[in-house]
Amino acid sequence: MRKNLSLFGIAIGAWMLASGCNESESDQNAVMQVMLTDAPAAYEQVLIDIQDVQIHISEMEGEDNWQSLQVNEGIYDLLDFRNGMDTLLAFLELPPGTVSQMRLVLGSNNQVKVNGEMHDLDTPSGQQSGLKLNIHATLTGGIVYKIWIDFDAARSIVEKGNGHYSLKPVIRTYTEATTGAISGNVSPAVALPYVKAVSNGDTIGAYAAGNGSFKLSAVPAGTWSVIFDPVDPYLADTVENIAVQNGFVTEMDTVYFSQP
């Protein structure tokens with residue numbers, strides 16, 4: 001289901017215009033944008049019912065420091081946002097300060113499509129009351145901050161022995177310019193490899209798109225080995241020593257697959 005984000009764009013544009021009229025940065029609020037993206041899985045659809053996004057603001061007065069963002073609520077197909085694609089899920093104008101946590105509130109209309117058939121995803125009530133995600137971001141007035149919710153669809157869906165499926169979300173959050181990325185292309189595209197970057201026990205992976213392109217997001221700075229696992233009859237391949245810098249996308253040379 002595609003979401004209409006025109007009101008979000010108008011609101012953010014209005015904030016930016018108003019901010020330009022302020023003389024002092026200390027008088028300006030910050031804007032937090034929450035983006036939804038996905039580490040793809042081998043399903044036909046993964047529908048997630050998102051009802052609310054809340055943040056915990058340390059500097060707010062009172063016992064309840066949780067505040068709801070302006071959320072474009074509804075059902076999202078996570079597979080619409082793979083290989084570097086994302087969508088604006090929520091935003092909020094707020095005073096400078098420290099945001100320590102985020103809470104993602106899910107509804108009950110979660111489904112997965114397997115072999116042309118839709119299956120309901122059993123969602124524990126605790127998840128519907130809010131999944132807490134650590135952020136620890138310090139906001140400065142006059143700045144727009146982007147925080148991504150990276151939903152790992154492959155690891156979030158658990159198949160039960162009775163043919164049912166349950167949702168146990170595996171989610172990472174990351175902010176702009178605190179990580180890098182790795183992108184590139186494979187040939188032939190029909191090899192459809194699973195691409196993963198590995199370094200010091202950390203693994204970040206995603207499937208290549210149908211056109212052969214891939215992008216691994218939220219890759220910490222460092223040196224990575226990138227492993228390609230294509231479908232038969234193509235042979236696996238590994239490219240060593242891929243350097244990643246925060247705030248930059250490392251573009252790899254095209255990887256060509258051979259056959260036995």
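The values are calculated or read from the model by the stated rules, or taken from the named source; none is laboratory data. Given the structure is predicted, the values throughout are model-derived calculations rather than measurements. Because the Cβ atoms are built from the backbone with ideal geometry, glycine has one as well, and the counts that use them run over all protein chains shown.
Among the residues of region 194-251, those that are under 21 Å from GLU44 (Cβ atoms), aliphatic (A, V, I, L, M) and part of a loop (DSSP other than H, G, I, E, B) comprise ALA208, ALA209, VAL231. Within region 56-74, none of the residues are in contact with a Ser or Thr (Cβ under 9 Å, 6 or more places away or on another chain), surrounded by 15 or more Cβ atoms within 10 Å (Cβ to Cβ) and within 19 Å of ARG155 (Cβ to Cβ). Only residues that are modelled with pLDDT of 80 or more and over 24 Å from LEU47 (Cα atoms): list them for region 111-148, please. Correct list: ILE135 only. When SER68, SER100, SER58 are checked against the criterion of being under 20 Å from LYS146 (Cα atoms) and in contact with a His (Cβ under 9 Å, 6 or more places away or on another chain), a single residue qualifies: SER100.
Can you find a residue that is of a type in the set (Gly, Ala, Ser) and under 16 Å from the mean Cα position of the chain (by Cα) anywhere in region 57-74?
Restricting attention to region 57-74, the residues satisfying the condition of being of a type in the set (Gly, Ala, Ser) are 58, 62, 68, 74.
From the residues that got through so far, the ones that are under 16 Å from the mean Cα position of the chain (by Cα) too are none.
Looking through region 57-74, none of the residues is of a type in the set (Gly, Ala, Ser) and under 16 Å from the mean Cα position of the chain (by Cα).
Scan region 60-86 for residues that are modelled with pLDDT under 85 and not in a strand (DSSP E or B) and the total you get is 11. Say whether the condition of being surrounded by 19 or more Cβ atoms within 10 Å (Cβ to Cβ) and not in a strand (DSSP E or B) is met by at least one residue in region 87-109. No, the conditions are met nowhere in region 87-109. For region 198-245, the set of residues classified as of a type outside the set (Val, Ile, Thr) and within 17 Å of the chain's Cα centre (by Cα) consists of GLY205, ALA206, TYR207, ALA208, ALA209, PHE214, LYS215, LEU216, SER217, ALA218, PRO220, listed by residue number. Just so you know, in region 225-255 the residues that are among the acidic types (Asp, Glu) and in contact with a Ser or Thr (Cβ under 6 Å, 6 or more places away or on another chain) include one that is farthest from GLY201 (Cα to Cα), and it is GLU251.
The single condition among (1) surrounded by 20 or more Cβ atoms within 10 Å (Cβ to Cβ); (2) in the same structural domain as LEU79 (by TED's automatic domain parsing); (3) modelled with pLDDT under 85 that SER217 does not meet is (2).
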